[in-house]
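**Q** Mind having a look at this structure? Questions to follow.
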């Protein structure tokens, strides 16, 4: 993902950028197509330098045109090229037809593709040039068969612009979609490459801007922004040499019902590693020993009734409510007391489930649901959340105010006040394990305690949590534990 821009656009916006480049900056459409083909061939040669035999599967529209350009350039560069077409080249229009004719003039020949067998899809690399970003209905017939044949061929696949069959805005496969080894996308990053299941289908992502001037993007507001390490610098200012523990905030974490003490312990230790000056835990008496074992820096308090929180809240700058809290009467009373304090708060786990049962709004909290919790907050199921994650996180922020973090692969952060949505495309499948959300909650609470504004805290906390997860996965994703991230957080809250 090195070298990717941060702005992510809808398919309509990217097509608009194409038009601006052509109409206002006088870049001919065929010139853009040729640049796309050149970039794709460069990508292919860089990724698979030993490849000499290409199978290029061309469908319709400009995506097919891109494929014919790749084929022509590959022939010129000494590749053995087989082109299979689902739509006869002479039936294409505009720039795609020109690309086909130039391919023929270079000595290329396209064979009709019936899409019914992997035997024809051989070679070192398959190039997917079937369909572009305009697809909005399930694939059928020969196109669906061709996608199936590509996927079973056992050959690396380079997708042009977007894997065919993937919805360019939601990232959902439309019946079938190509599972690419790598995708090179053009002009602008598309939402569907980052949302839904797009990350399962795109493979490694590369980008080519095709020389579209920066001015063309100025009037287009990207609905999604990738996070980078600059968000950490914005949230965490350099410390003064005269600092003391009180300078870096006091955080109170509320949770840890009997049998669930591990969650609040993970959150508390993560908060310490994220730089909170003082970390206190209010927990059930049965959980005190587990919380303090091996980590004496955590100040742990046994709490049996909400009145016992008063003194702890009075010396706190921010709260985390929910890790291991449960849904008992004890939990509900502590939840009420914590929210009544009016402090900046991170609401996680059962704190969110209690909110779903008694909805309210406030501007100074960060909500951190996974898809199941988000579904309960919005009155739908997890599948509905995953179908349109962008709309879901925006609705969470609208309905509950404050900042919403929709966790999962490609975590999204939204705030009602500014309408901006951030995406974290770091992290890895090894992080799909128990306790990972508790660690994130502790990090977010620590950033709030250190006086970061809720939006800055959410962006930075999600990003550095994911980067710590990637560091932890260097030894392998399978078997990664939430606790493995805790010592690595320190590296990311001290940006150089």
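The values are calculated or read from the model by the stated rules, or taken from the named source; none is laboratory data. Remember, it's a predicted structure, so these values are computed and weren't measured experimentally. Note: ideal-geometry Cβ built from the backbone for every residue, glycine included; neighbour counts use all protein chains shown.
**Q** Can you find a residue in segment 5-14 that is crowded, with 23+ Cβ neighbours inside 10 Å and more than 17 Å from residue 162 (Cα to Cα)?
**A** Looking for residues that are crowded, with 23+ Cβ neighbours inside 10 Å and more than 17 Å from residue 162 (Cα to Cα), one finds none in segment 5-14, hence no.
**Q** Here are some residues: 61, 46, 78. Which one is assigned by TED's automatic domain parsing to the domain that holds residue 134 and within 23 Å of residue 136 (Cβ to Cβ)?
**A** Checking each option against the conditions leaves just 61.
**Q** In segment 175-201, which residues are more than 17 Å from residue 10 (Cα to Cα) and surrounded by fewer than 24 Cβ atoms within 10 Å (Cβ to Cβ)?
**A** Hits for segment 175-201 are 175, 176, 179, 181, 182, 200.
**Q** Determine if segment 98-105 includes at least one residue that is in contact with a helix residue (DSSP H, G or I) (Cβ under 8 Å, 6 or more places away or on another chain), in contact (Cβ under 8 Å) with a residue 60 or more places away in the chain and either under 30 Å from residue 223 (Cα atoms) or not assigned by TED's automatic domain parsing to the domain that holds residue 52 (or both).
**A** No, because not a single residue in segment 98-105 is in contact with a helix residue (DSSP H, G or I) (Cβ under 8 Å, 6 or more places away or on another chain), in contact (Cβ under 8 Å) with a residue 60 or more places away in the chain and either under 30 Å from residue 223 (Cα atoms) or not assigned by TED's automatic domain parsing to the domain that holds residue 52 (or both).
**Q** Could you go through segment 372-386 and let me know if any residue there is in a loop (DSSP other than H, G, I, E, B), in the same structural domain as residue 259 (by TED's automatic domain parsing), crowded, with 21+ Cβ neighbours inside 10 Å and within 24 Å of the chain's Cα centre (by Cα).
**A** no
**Q** Output the number of residues of segment 1-28 satisfying the condition of being assigned to a helix (DSSP H, G or I) and in contact (Cβ under 8 Å) with a residue 40 or more places away in the chain.
**A** So the answer is 9.
**Q** Here are the criteria: (1) crowded, with 16+ Cβ neighbours inside 10 Å; (2) in a loop (DSSP other than H, G, I, E, B). Tell me which single one residue 360 does not satisfy.
**A** Residue 360 satisfies every listed condition except (1).
**Q** Count, please, the residues in segment 408-423 that happen to be in contact with a helix residue (DSSP H, G or I) (Cβ under 7 Å, 6 or more places away or on another chain) and over 23 Å from residue 276 (Cα atoms).
**A** Here the count works out to 10.
**Q** Given the criteria in contact with a strand residue (DSSP E or B) (Cβ under 7 Å, 6 or more places away or on another chain) and either under 22 Å from residue 200 (Cα atoms) or in the same structural domain as residue 333 (by TED's automatic domain parsing) (or both), does residue 423 qualify?
**A** yes
**Q** Evaluate segment 225-244: report whether one residue or more is closer than 18 Å to residue 313 by Cα, surrounded by 18 or more Cβ atoms within 10 Å (Cβ to Cβ) and assigned by TED's automatic domain parsing to the domain that holds residue 331.
**A** Within segment 225-244 (the criterion being closer than 18 Å to residue 313 by Cα, surrounded by 18 or more Cβ atoms within 10 Å (Cβ to Cβ) and assigned by TED's automatic domain parsing to the domain that holds residue 331), the answer is no, since none of the residues qualifies.
**Q** Any chance segment 89-97 includes a residue that's modelled with pLDDT under 95, touching a helix residue (DSSP H, G or I) at 6+ places or on another chain (Cβ under 7 Å), on the phi < 0 side of the Ramachandran plot and part of a loop (DSSP other than H, G, I, E, B)?
**A** no
**Q** Kindly evaluate residue 408 against the criterion of being under 16 Å from the mean Cα position of the chain (by Cα), free of Cβ contacts under 8 Å to residues at least 40 places away in the same chain and on the phi > 0 side of the Ramachandran plot.
**A** Yes; evaluated as a whole, the condition is true for this residue.
**Q** If residue 246 satisfies all but one of (1) touching a helix residue (DSSP H, G or I) at 6+ places or on another chain (Cβ under 8 Å); (2) in contact (Cβ under 8 Å) with a residue 24 or more places away in the chain, what's the number of the condition it fails?
**A** (1)
**Q** Which of (1) modelled with pLDDT of 95 or more; (2) in contact with a helix residue (DSSP H, G or I) (Cβ under 6 Å, 6 or more places away or on another chain) does residue 124 not meet, given it meets every other one?
**A** Residue 124 satisfies all of (1) modelled with pLDDT of 95 or more; (2) in contact with a helix residue (DSSP H, G or I) (Cβ under 6 Å, 6 or more places away or on another chain) except (2).
**Q** Also, quick follow-up: Can you pull out every residue in segment 127-142 that is under 12 Å from residue 59 (Cβ atoms), in contact (Cβ under 8 Å) with a residue 40 or more places away in the chain and either in contact with a helix residue (DSSP H, G or I) (Cβ under 8 Å, 6 or more places away or on another chain) or not in a helix (DSSP H, G or I) (or both)?
**A** 127, 128, 129, 130, 131, 132, 134 - these are the residues of segment 127-142 that are under 12 Å from residue 59 (Cβ atoms), in contact (Cβ under 8 Å) with a residue 40 or more places away in the chain and either in contact with a helix residue (DSSP H, G or I) (Cβ under 8 Å, 6 or more places away or on another chain) or not in a helix (DSSP H, G or I) (or both).
**Q** Further, regarding this structure: Residues that are more than 24 Å from residue 408 (Cα to Cα) and at pLDDT 95 or above: which strands (runs of 3 or more DSSP E) entirely in segment 151-270 hold 1 or more of them?
**A** Filter on segment 151-270 gives 157-160, 182-186, 204-208, 250-254.
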